[in-house]
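Below you'll find the structure, written out as structure tokens, and then a few comments.
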Amino acid sequence: MRRDLFIDRIRSDDRLWDVIIIGGGATGLGAAVDAASRGYRTVLLEQSDFASGTSSRSTKLIHGGVRYLRQGNLSLVREALRERSRLFRNAPHLVHNLKFILPAYSRWETAFYGMGLKAYDLLAGRQTLGKSHLVSRVFNDKTFCS
């Protein structure tokens, strides 16, 4: 891509933009896709490469606050679950359910994670994406059946 050609093309376009987004991180890209999918003439301006250096400032993972559960910050977990639910409802084309496997290396860790994820499921209530469950370390067809 030639940045200078794209900038000249934007400058020479005499039509007006409906939406101008400055910053091509996770949030800017999401907003640009949303605006363009609704039919708005959209331009996205980025200082360097798209999504460069965004992971420390924003995330592409809509985690629903499970990471805050271990800290005991239940109000932040509830807030993140509400926001995740809102995103699923308002932007289903941008948010997708993704299953995670957390490795546990001892019975204590298995119990710890199992209780934590059960608490997380209870906090999610109606906003759940499905119940968490433990899987065996033995891999066979029955292991991954729900």
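The values are calculated or read from the model by the stated rules, or taken from the named source; none is laboratory data. What you see is a predicted model; the values in this text were computed from it and never measured. Backbone-built Cβ (ideal geometry, glycine too); neighbour counts: all protein chains shown.
Considering only residues in segment 25-64 that are hydroxyl-bearing (Ser, Thr, Tyr) and part of a loop (DSSP other than H, G, I, E, B), the one that is modelled with the lowest pLDDT turns out to be 56. One residue stands out among those in segment 68-78 that are out of contact with any Phe, Trp or Tyr (no Cβ under 9 Å at 6 or more places or on another chain) and surrounded by 14 or more Cβ atoms within 10 Å (Cβ to Cβ): the one that is nearest to residue 127 (Cα to Cα), which is 78. Within segment 102-118, being among the small types (Gly, Ala, Ser) and part of a helix (DSSP H, G or I) holds for 111, 114, 116.
Here's the yes/no breakdown for (1) free of Cβ contacts under 8 Å to residues at least 24 places away in the same chain; (2) in the same structural domain as residue 89 (by TED's automatic domain parsing); (3) farther than 25 Å from residue 87 by Cβ:
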{"site": "7", "(1), (2), (3)": "yes, no, yes"}
{"site": "10", "(1), (2), (3)": "no, no, yes"}
{"site": "13", "(1), (2), (3)": "yes, no, yes"}
{"site": "21", "(1), (2), (3)": "no, no, no"}
{"site": "24", "(1), (2), (3)": "no, no, no"}
{"site": "27", "(1), (2), (3)": "no, no, no"}
{"site": "32", "(1), (2), (3)": "yes, no, no"}
{"site": "36", "(1), (2), (3)": "yes, no, no"}
{"site": "40", "(1), (2), (3)": "yes, no, no"}
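Checking the structure you have, find out if any residue of segment 69-86 is closer than 23 Å to residue 24 by Cα, assigned to a helix (DSSP H, G or I) and either hydroxyl-bearing (Ser, Thr, Tyr) or in contact (Cβ under 8 Å) with a residue 40 or more places away in the chain (or both). Yes; the residues of segment 69-86 include at least one that is closer than 23 Å to residue 24 by Cα, assigned to a helix (DSSP H, G or I) and either hydroxyl-bearing (Ser, Thr, Tyr) or in contact (Cβ under 8 Å) with a residue 40 or more places away in the chain (or both). Considering segment 91-123, the residues that are surrounded by 10 or more Cβ atoms within 10 Å (Cβ to Cβ) and among the hydroxyl-bearing types (Ser, Thr, Tyr) include one that is nearest to the chain's Cα centre (by Cα), namely 120. When segment 83-122 is limited to residues that are touching a Leu at 6+ places or on another chain (Cβ under 9 Å) and among the aliphatic types (A, V, I, L, M), the one that is nearest to residue 34 (Cα to Cα) turns out to be 94. All conditions but one from (1) touching a helix residue (DSSP H, G or I) at 6+ places or on another chain (Cβ under 6 Å); (2) farther than 30 Å from residue 95 by Cβ apply to residue 21; the one that does not is (2).
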